[in-house]
Every structure is written in C-alpha cells, then in structure tokens.
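**Q** Submitted below is the structure of interest, expressed as structure tokens.
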Amino acid sequence: MDFEILKRLIAAFEARGVRYAIFGAIAMNLHGLVRATEDLDVFVEPTAANIEQLRQALREVFDDPEIDNITAADLLGDYPSIRYAPPATWFYLDILTRLDDAFAFADLETTRVPFDGLTATVVTPRMLYIMKKDTVRLKDRADAEMLRRQFGLEE
C-alpha cells in the first residue's frame, strides 16, 4: 500500500465528512499489527449523500473520470461492493456498504485511531476478529489469531 496515497485518501474522507470504516489489513496496521496488503477495504454508510461525498473525496485524490461510475445504485443494490482501481497505481479500493447478510455498516464497531497527523475511523480489533475468524481464507484466520492474542480477545 502506498503510504502517501493512503494518507491523502483518509484526509479527503475526513475533509468531506465521509462516513466510513476501514477494515481488513489496513485496519490491522492501524491497530499496530503489521500486515502487507495491496488494497484498502472500506465500508461506507449506505446513503446516496454519503456515496456522493465519497466520490468527491476520491476525485480530490485521483484524476479519474471512472469515479463517476461509482454509484449509489450499485452500492445500495443487490451486490453492494465495488472494486475501484485508480489509474497509474498498483493498489485498489474495495468499497462496501454491506458484506452479504453478515455485516452492514450500521452494525460495525468502530474506533478513531491516529495516523500520521490524521485520525481515521477503523473497525475495532474485536470487530475485525469477528469478521476474520470464521472465513475460509487462511490469511484471514491467521489475522484473527494475531488479533486474538494481541488484544486478549475471546475465542
């Protein structure tokens, strides 16, 4: 993950008042657990106004007309997930309003954490553990175990 792009994204989300929650490997890093990744996983509040704020924030960071294709209709529809790959970068964003029936934005436990002079909204270690512990991906289960040990979470 490109540190400077991540910093610019968080700054733009904050400046635009985007209601978001970072999860996945970046959340682990923000909680102090080192985990390599090529993407930013982010839940956004499922309202048309918030999705427009998200688009405006993305436009502040990336000069890309494809941002206009990120729509509330998609993120509020049957498949509420979009993968956005900015031009001339090697990483991408997975943007979700819910994850099947398992997790919805309104159900997430979040916390605010410092990040290089900024403050970011991140799912809590407990929430991240819950999200990762029962998946089929081995790296998610390894992440869950690391979270459990580091934060003294119940199995």
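The values are calculated or read from the model by the stated rules, or taken from the named source; none is laboratory data. Because the structure is a prediction, the values reported are computed rather than measured. Here the Cβ positions follow ideal geometry from the backbone for every residue, glycine too, while neighbour counts run over all protein chains shown.
**Q** Could you please give the count of residues in segment 7-25 that are in a helix (DSSP H, G or I), closer than 13 Å to LEU40 by Cβ and small (Gly, Ala, Ser)?
**A** Kept after step one, since they are in a helix (DSSP H, G or I), are these residues of segment 7-25: 7-16, 24-25.
With closer than 13 Å to LEU40 by Cβ added as a condition, the list becomes 7-10, 12-13, 24-25.
Checking the rest, the ones that are also small (Gly, Ala, Ser) come to 12, 24-25.
Counting residues in segment 7-25 that are in a helix (DSSP H, G or I), closer than 13 Å to LEU40 by Cβ and small (Gly, Ala, Ser) gives 3.
**Q** Output the number of the condition that TYR129 fails; it satisfies all remaining conditions of (1) surrounded by fewer than 18 Cβ atoms within 10 Å (Cβ to Cβ); (2) assigned to a helix (DSSP H, G or I).
**A** Unmet condition: (1).
**Q** Another question, if that's okay. Taking the residues in segment 134-152 that are part of a loop (DSSP other than H, G, I, E, B) and modelled with pLDDT under 95 as candidates, determine which candidate is surrounded by the most Cβ atoms within 10 Å (Cβ to Cβ). Spell out how you get there, then give the answer.
**A** Let us first name the residues in segment 134-152 that are part of a loop (DSSP other than H, G, I, E, B), namely 134-137, 152.
This time we only want the ones that are modelled with pLDDT under 95, so: 134-137.
Numbers: ASP134: 10, THR135: 13, VAL136: 6, ARG137: 9.
Among those that are part of a loop (DSSP other than H, G, I, E, B) and modelled with pLDDT under 95, it is THR135.
**Q** I would also like to ask the following. Hey, can you tell me all the residues within segment 55-76 that are surrounded by 11 or more Cβ atoms within 10 Å (Cβ to Cβ) and small (Gly, Ala, Ser)? Break it down stepwise before answering.
**A** Start the filter on segment 55-76 by keeping residues that are surrounded by 11 or more Cβ atoms within 10 Å (Cβ to Cβ), which leaves 55-62, 64, 66-67, 69-72, 74-76.
Listed by number, the residues that qualify are ALA57, ALA72.
**Q** A further question on this structure: I want to confirm something. Restricting to segment 84-98 and keeping residues that are touching a residue at least 40 places away in the same chain (Cβ under 8 Å) and part of a strand (DSSP E or B), which single residue is surrounded by the fewest Cβ atoms within 10 Å (Cβ to Cβ)?
**A** Looking at the filtered set, the residue picked out is TYR92.
**Q** Okay, next question. Of everything in segment 14-53 that's of a type in the set (Asp, Glu) and touching a residue at least 40 places away in the same chain (Cβ under 8 Å), which residue is surrounded by the fewest Cβ atoms within 10 Å (Cβ to Cβ)? Can you show your working first?
**A** Within segment 14-53, the subset of a type in the set (Asp, Glu) is 14, 38-39, 41, 45, 52.
Within this subset, residues satisfying the condition of being touching a residue at least 40 places away in the same chain (Cβ under 8 Å) are 14, 38-39, 41, 45.
Numbers: GLU14: 15, GLU38: 11, ASP39: 16, ASP41: 21, GLU45: 19.
Of everything passing the filter in segment 14-53, GLU38 is surrounded by the fewest Cβ atoms within 10 Å (Cβ to Cβ).
**Q** List, please: which pairs have Cβ atoms under 7 Å, are six or more places apart or on different chains, and start with a residue in segment 140-155 that is farther than 12 Å from ARG35 by Cβ and end with one that is among the polar types (S, T, N, Q) and assigned to a loop (DSSP other than H, G, I, E, B)?
**A** ARG141/THR135
**Q** Answer yes or no: is there a residue in segment 50-64 that is β-branched (Val, Ile, Thr), under 25 Å from ARG112 (Cα atoms) and in a helix (DSSP H, G or I).
**A** Start the filter on segment 50-64 by keeping residues that are β-branched (Val, Ile, Thr), which leaves 51, 61.
Now restrict to residues that are under 25 Å from ARG112 (Cα atoms): 51, 61.
Next cut, in a helix (DSSP H, G or I) only: 51, 61.
Yes.
**Q** Another question about this same structure. Give THR111, THR37 a once-over and let me know the one that is part of a strand (DSSP E or B), at negative phi and hydroxyl-bearing (Ser, Thr, Tyr).
**A** Working: THR37 fails: part of a strand (DSSP E or B).
Step by step, each of THR111, THR37 is checked, and only THR111 is part of a strand (DSSP E or B), at negative phi and hydroxyl-bearing (Ser, Thr, Tyr).
**Q** Taking the criterion of being touching a residue at least 40 places away in the same chain (Cβ under 8 Å) and among the charged types (D, E, K, R), would at least one residue in segment 117-138 satisfy it?
**A** For segment 117-138, residues touching a residue at least 40 places away in the same chain (Cβ under 8 Å) and among the charged types (D, E, K, R): absent.
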